[in-house]
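Trainee: Below is one structure. I have some questions about it.
Read-outs throughout are calculated quantities, based only on the coordinates presented, and are distinct from any laboratory measurement. Keep in mind that what you see is a predicted model, and the values were worked out from it rather than measured. Note that we place each Cβ from the backbone using ideal geometry, even for glycine, and neighbour counts take in every protein chain shown.
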Amino acid sequence: MSDVEAITALGDPVRRRVYDYVVAQDHEVGRAEAADAAGIQRTLAAFHLDRLADAGLLDVVFRRPPGRSGPGAGRPAKLYRRSAVDHVVSLPPRDYGTPAALLAEVVESLGAEGDLERVARRHGRTAGESAEGGVEEVLARQGYEPYRADGAAGVVRMRNCPFHAVAREFPPLVCGMNLALVEGLLEGMGETELRARMRARPGECCVEITSKNNDD
Amino acid sequence: MTDHHLAQLNVGRLRHPLDTAEAAGFVTGLEPINALADNSPGFVWRLVDEEGRDATAIRPYGDDMIVNLSVWESFQALWDFTYRSDHLEYIRRRREWFTRMAEPFTVLWWVPAGHLPSVEEALSRLTRLREAGPAPEAFTFRHRYEPDGALAATGSAT
């Protein structure tokens, strides 16, 4: 279930009341307690609790209440607590493209492309140092959609430019930044046999990755 | 659109003369990149000097300024060559060979198909852009117009 759907599950005011109560407690909450807190029937409370669990907003645990154990304690109660998973939805929609374009224009007008590339390389290196998995896996997670180019052994190209909107407006600036980011990423990952180079093609990322001894 | 072609002029002030070691990276790129342009889809024409290979001997703005003047079938064709080919790497490295200019140094304008603009025509378009900003008669990659004078939507090239 998506983050938006999870948040949408809170649209019902009664269900919201149940949720607010459960997440505010320092203990796991059963249906009877939730029903009392929300002023509703236990069956209705159970319904809302299960919907919240389905949406990923609450976790479910089965536990016997404290002080009741051993034979005759009955079966474990179904209890609810705040989900361990974060749900992030930004509303209203945020516009990062406009500030990116304005900043890009300033960098270009200052002739500060070299500074941008230095910062990008450092950023890429830091990301590479903590990255887990192979190069293609890491690039895929960053949205590059890497693939092995046909007929070119060891050449990795990328179908998607994660910075497309601003790259389209400031191609040399953003493509230079992107090259530095990928170079830094390879450095940070310790991929000393690989190198990134500028190979812009229509509809794809401007950078490709190749083996260092591949000098075509 | 087929009755119009897109003309393009850009000028650059050299940091070092073309026969110096500092300019070698640029000079060695001239032949392959010009060949790439000549073979690009939608390429129509580019200005060459008397030697016939490139336009580096044409210096209308003085000894340290070189010009590049070409015509393309469409905006997309010019865009793909300029920014989506191996030419991009030379633009990225332009500061190694050219000084930064505060004024616009690239101008685009539509010409009737078949018309090859003169250097004088091109320079007057650049002057117009510098004096009055982008307009249908003289515009830029980022702020451009269709042949009918309508402002093109940003992001219509890919």
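Trainee: Scan the range B:21-47 for residues that are touching a residue at least 12 places away in the same chain (Cβ under 8 Å) and either among the hydroxyl-bearing types (Ser, Thr, Tyr) or surrounded by fewer than 13 Cβ atoms within 10 Å (Cβ to Cβ) (or both) and jot them down.
Mentor: Within the range B:21-47, B:Gly25, B:Glu31, B:Pro32, B:Ser40, B:Pro41 meet the criteria.
Trainee: Within the range B:69-78, identify whether any single residue is surrounded by 15 or more Cβ atoms within 10 Å (Cβ to Cβ), more than 16 Å from B:His4 (Cβ to Cβ), within 13 Å of chain A (Cβ to nearest Cβ) and within 15 Å of the chain's Cα centre (by Cα), and answer yes or no.
Mentor: No: zero hits.
Trainee: A further question follows. Considering each residue of the range A:173-200, count those that are farther than 15 Å from B:Arg93 by Cβ and touching a Lys or Arg at 6+ places or on another chain (Cβ under 6 Å), and give that number.
Mentor: Number of matching residues: 5.
Trainee: Which condition breaks for A:Leu173 when tested against (1) surrounded by fewer than 17 Cβ atoms within 10 Å (Cβ to Cβ); (2) within 14 Å of chain B (Cβ to nearest Cβ)?
Mentor: (1)
Trainee: Within the range A:110-144, which residues are outside any helix (DSSP H, G or I), away from chain B (no Cβ under 14 Å), surrounded by fewer than 16 Cβ atoms within 10 Å (Cβ to Cβ) and not hydroxyl-bearing (Ser, Thr, Tyr)?
Mentor: Listed by number, the residues that qualify are A:Glu132, A:Gly133, A:Gly134, A:Gly143.
Trainee: Another question, if that's okay. For the range B:39-67, enumerate the residues that are closer than 19 Å to B:Pro17 by Cβ and of a type in the set (Gly, Ala, Ser).
Mentor: B:Ala55, B:Ala57, B:Gly62
Trainee: Okay, next question. Which residue, of B:Tyr61, B:Tyr90, is farther than 26 Å from B:Asp148 by Cβ, in a helix (DSSP H, G or I) and among the hydroxyl-bearing types (Ser, Thr, Tyr)?
Mentor: Answer to the check: B:Tyr90.
Trainee: For the range A:176-216, which positions are free of Cβ contacts under 8 Å to residues at least 60 places away in the same chain and either facing chain B (nearest Cβ under 9 Å) or within 19 Å of A:Ala104 (Cβ to Cβ) (or both)?
Mentor: A:Asn178, A:Val182, A:Arg197, A:Met198, A:Arg199, A:Ala200, A:Arg201, A:Pro202, A:Gly203, A:Glu204, A:Cys206, A:Val207
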